[in-house]
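The values are calculated or read from the model by the stated rules, or taken from the named source; none is laboratory data. Source: prediction; values computed, not measured. Neighbour counts run over all protein chains shown; Cβ positions are idealised from the backbone, glycine included.
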Amino acid sequence: MKKYLSILLALVVLGGCQAPTETKQNLEENYRPSYHFTPKKGWMNDPNGMVYLDGTYHLFFQHNPDTTVWGPMHWGHATSTDLIHWEEQPIALFPDSLGTIFSGSAVVDKDNTAGFGKDVLVAIFTHHNPKIEEEKTGLHQYQSIAYSLDKGKSWTKYEGNPVLPNPGIWDFRDPKVMWHAASKQWVMTLATKQSITFYGSKNLKEWARLSEFGNEVGAHGGVWECPDLLRFETAEGDKWVLLVSINPGGPNTGSATQYFVGDFDGTTFSSDQTDIRWMDYGPDNYAGVTFSNTGDQHILMGWMSNWAYANTVPASTWRSGMTIPRTLSLEKIQEHWHLVSTPITKDDQTSGAQQIGAIRVQNGSEDLSKYIKEAHGAFELSFELDAVASFNMVLANEKGDELVFGFDETNNQFFVDRSKAGDANFSPSFIQRTVAPRIASAQKMKYSVLLDRNSIEIFADGGLSNLSNLFFIDQSFDVLTFKSAKDVEVKNVKVNVIK
């Protein structure tokens, strides 16, 4: 009976719910996060079809329900009203005679341009034919659509699929579709090998090629994937940001997401950017795209893993989670626009919020453990420094696990060291120490950390420099120490214990 009670408690852990105590959790569920979305079972990777409709956020995702490794792709489905608590729904899209269901997007067809009905949800996705890929008898990826008349509960695939046949490109996938009001058309942003190709349509069924971007700019260490095109209003007029995930070739090994700031006229995206900019320097934030139908607000979620080791990270009945949702904005630093990420956390979804105020760190360290004793490995920490200074924050437990993160003033870098944070031997590609450059020029430093049972997400300087990292411990951290070689005053310290 006790065994079955443990399994039941473990299965409760989904998108913000966790078992009452760690001791009652099945040991095989040790790495299940408390407030990041994970599937109940099976494999998960890229977020897909994210859309907001009538008070509900819909998250679809790449899903293999039968095993915990990548395999025949379906679209899994989960819903939320607050982006914190998620409820997993039945699988939305299954493989068919045209292939498995790769990544894509979903839109609300408010004006019934496709003829399926007013305010119908339309999913645009890549059909991937594994038989063609294996036999190399043709081109195995093409774009198809499906529609839902009941707000995402059930889906009908369009009988005329594929709506965009492959024009001769082996990697031809991940359509992200948006309505471009100025040109009165749907615009598809599509990954095409190591560039992005834009297509236009009046009805979501017939597509015409518009332009191409990226062959000679940005990072090209791997294939380009999962693009997203976003418009931002600024004091200087509209600016457009093109997100492009790349694998491999990230700044801290393997997968990562770069971005370009420029202009889009309904046909062509252009950018004067000559440097490479990363949305998140951590190794565990990939394929992130935004929810559609959210007005001028851009809310992004990413897959919290890395293709360099995704299939081998510790798991039991499930594998992989999503990052915390974050809003995106633009900030100008020394004449260059940079993308800013702000995590979405709800104060009314937390307990034990502590406004600690200022802490004077003297004699090298200050013990902050009492503020996280009841966290069970799930809390948010934020603070400020009036001057740029090196510091280490050390999380530890009685088993000897340590996670170290902070700022290195000499190299002007934020960092996470996970070399002693539990199991790190499952892959030689699981990089031990990850870094992100400081982009901000201000002397005052702001620092925010989201810690969950198996992950840390750092948003430094208000979200200009970000680091998302997985780690694998089987006992939560309950010791927190702030260390600095200099005496420093840490201001506006706040801890939220997330339940």
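Taking the listed residues Ser329, Ser351, Ser341, the one that is in a strand (DSSP E or B), touching a strand residue (DSSP E or B) at 6+ places or on another chain (Cβ under 9 Å), modelled with pLDDT under 95 and among the hydroxyl-bearing types (Ser, Thr, Tyr) is Ser351, with no other qualifying. Got a sec? Which of Thr274, Thr253 is hydroxyl-bearing (Ser, Thr, Tyr) and on the phi < 0 side of the Ramachandran plot? None of the other options fit; the residue is Thr274. Only residues that are assigned to a strand (DSSP E or B) and either of a type in the set (Ser, Thr, Tyr) or outside the structural domain of Glu398 (by TED's automatic domain parsing) (or both) were counted in the range 456-479, giving 2. Going by the structure shown, is Lys41 within 20 Å of Trp303 (Cα to Cα), basic (Lys, Arg) and modelled with pLDDT of 95 or more? Answer is yes for this residue. One residue stands out in the range 377-407 among those that are among the aromatic types (Phe, Trp, Tyr) and within 19 Å of Ile473 (Cβ to Cβ): the one that is surrounded by the most Cβ atoms within 10 Å (Cβ to Cβ), namely Phe379. Mind listing just one residue for me: the one in the range 255-273 that is of a type in the set (Gly, Ala, Ser) and surrounded by fewer than 24 Cβ atoms within 10 Å (Cβ to Cβ) and, of those, farthest from Pro283 (Cα to Cα)? The selected residue is Gly266.
Of the residues examined, Phe482 is not one that is in contact with a Pro (Cβ under 7 Å, 6 or more places away or on another chain), part of a strand (DSSP E or B) and of a type in the set (A, V, I, L, M, F, W, C). Going residue by residue through the range 181-191, is there one that turns out to be among the small types (Gly, Ala, Ser) and buried (at least 21 other Cβ atoms within 10 Å of the Cβ)? Checked against the condition, which is being among the small types (Gly, Ala, Ser) and buried (at least 21 other Cβ atoms within 10 Å of the Cβ), the range 181-191 yields at least one hit.
Among Glu331, Glu374, which is the only one that is surrounded by fewer than 18 Cβ atoms within 10 Å (Cβ to Cβ) and touching a His at 6+ places or on another chain (Cβ under 6 Å)? Working first, answer last.
Details: Glu374 fails: touching a His at 6+ places or on another chain (Cβ under 6 Å).
Answer to the selection: Glu331.
Tally up the residues in the range 75-123 that are within 19 Å of the chain's Cα centre (by Cα) and free of Cβ contacts under 8 Å to residues at least 60 places away in the same chain, please. The qualifying residues number 3.
Among all residues of the range 421-428, there is none that is buried (at least 18 other Cβ atoms within 10 Å of the Cβ), of a type in the set (Phe, Trp, Tyr) and not assigned by TED's automatic domain parsing to the domain that holds Asn285. Of Phe61, Phe94, all but one fail to be modelled with pLDDT of 95 or more and either under 27 Å from Asp296 (Cα atoms) or buried (at least 16 other Cβ atoms within 10 Å of the Cβ) (or both); the exception is Phe61.
So, Thr156, is that one at pLDDT 95 or above and buried (at least 17 other Cβ atoms within 10 Å of the Cβ) or not? When the stated conditions are applied, Thr156 does not pass them. Under the condition of being farther than 23 Å from His180 by Cβ, assigned to a loop (DSSP other than H, G, I, E, B) and modelled with pLDDT of 95 or more, the residues counted in the range 205-229 number 4. Restricting to the range 429-455, give me the number of residues that are under 22 Å from the mean Cα position of the chain (by Cα), of a type in the set (S, T, N, Q) and surrounded by fewer than 16 Cβ atoms within 10 Å (Cβ to Cβ). Qualifying residue count, the range 429-455: 2.
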